[in-house]
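Have a look at this one.
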Amino acid sequence: MGEGIVVWQDLWERHRGAFCVAVGMACFLLAGLLVRALPSVRENLGMSAPAPRSSESASEEMTKRLSKAAERKGVSPAASDLESEWFLYVTGSVRRPGVYRLPPGARTVHLVEAAGGLDGFADPIAVNLAEPLADGMHVHVPRKGERSPQAPLVAVAPTVRARIPGHGEGRLIDVNRASEAELTALRGIGPTLARRIVEYREANGPFQTLEDLVRVKGVGAAKLEGFRGQATVGP
């Protein structure tokens with residue numbers, strides 16, 4: 001018995017280092033096995049972590065919340081969605097023309113930004129970027145030199161010269177005595193210039209010569225030559 005103990009002591013002294021290394025490796029392997037087995041242990045105990053929700057489930061949950069909120073207000077979900085978005089149509093000189101959905105209260109600048117902004121051919125002066133919009137509106141951004149289809153066409157009517165009673169073709173108009181209506185019979189003189197001539201005459205006295213008419217704003221030498229043969233200067 002004593003010899004056996006001596007033998008073990010002798011083996012321990014000789015192989016102590018190797019034995020410690022072996023025990024350490026065994027402990028390391030045991031710890032690894034425990035770590036790997038831990039998830040299955042948690043599952044068996046009902047402690048598994050909840051799986052992350054997908055974006056679809058989150059979207060469905062948000063939709064349910066909006067539906068409940070709309071129901072509390074007495075509005076159907078479909079009507080609530082329609083009130084929360086405007087459908088707006090933009091064409092012309094923007095980078096991406098088309099139909100866009102914007103929140104209520106949007107203005108033209110927001111629609112243009114949603115369409116990628118103005119392109120290099122747009123006329124920024126021809127469109128009011130601060131104009132408020134409404135659901136279903138169509139906004140057209142014209143190019144430079146293009147007339148916006150939303151702008152009304154202005155028809156320029158020809159000027160009609162009324163014939164003044166008592167003033168025939170051979171009778172001259174006295175610029176010191178003629179009324180505004182009579183002065184409009186002169187070539188190139190409209191209601192605005194006729195009013196200016198009368199106002200100048202009342203403020204400065206009668207004209208001494210026809211050349212004095214060029215002192216009236218808007219009456220130049222060329223315009224004077226146009227009606228010189230129809231006018232005269234009386235006392």
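No value in this document is a laboratory result; all are computed from the given coordinates. Owing to the predicted nature of the structure, the values given are computational and were not obtained by experimental measurement. Quick reminder, even Gly has a Cβ in these numbers, built from the backbone with ideal geometry, and neighbours come from all protein chains shown.
Amide H neighbours of Asp174 under 5 Å, at least 5 residues apart or on other chains, H built in the peptide plane: list them.
Thr232
Excluding Ala122 itself, what net charge comes from residues whose Cβ is under 9 Å from its Cβ, given Lys and Arg +1 and Asp and Glu -1?
Combined, the nearby Lys, Arg, Asp and Glu give 0.
Around Gly205, with a cut-off of 15 angstrom between Cβ atoms, what is the net charge of the other residues, counting Lys and Arg +1 and Asp and Glu -1?
Charge balance near Gly205 sits at -1.
Peptides 87-100, 195-208: what's the order by average Cβ count within 10 Å, highest mean first?
Top of the packing list down: 87-100, 195-208.
What net charge is computed for the residues neighbouring Thr192, neighbours being all others with C-beta under 14 Å from the C-beta of Thr192, Lys and Arg scored +1, Asp and Glu -1?
Details: positive: Arg195, Arg196, Lys217, Lys223; negative: Glu180, Glu199.
Surrounding charge for Thr192 is +2.
Nearest 0.05, what FRET efficiency do Glu211 and Arg143 give at R0 = 41 Å with Cβ-Cβ as r?
0.30
At q = 0.25, 0.27 Å⁻¹, what log₁₀ I(q)/I(0) does a Debye calculation on the Cα points of the range 188-235 give, no solvent, two decimals?
For the requested q values the scattering log ratios are -1.00, -1.17.
Apply the Karplus parameterisation 6.51 cos²θ - 1.76 cosθ + 1.60, with θ equal to phi minus 60°, to every residue of the range 177-191 and state each ³J(HN,Hα) to the nearest whole Hz, in sequence, with x for glycine and proline.
Those phi angles translate into 10, 5, 7, 4, 4, 5, 5, 5, 6, 6, 5, x, 9, x, x Hz.
Using the per-residue mean of other Cβ atoms lying within 10 Å as a proxy for protection, in what order, highest first, do the peptides 127-137, 221-231 fall?
Ranking, from highest mean packing down: 221-231, 127-137.
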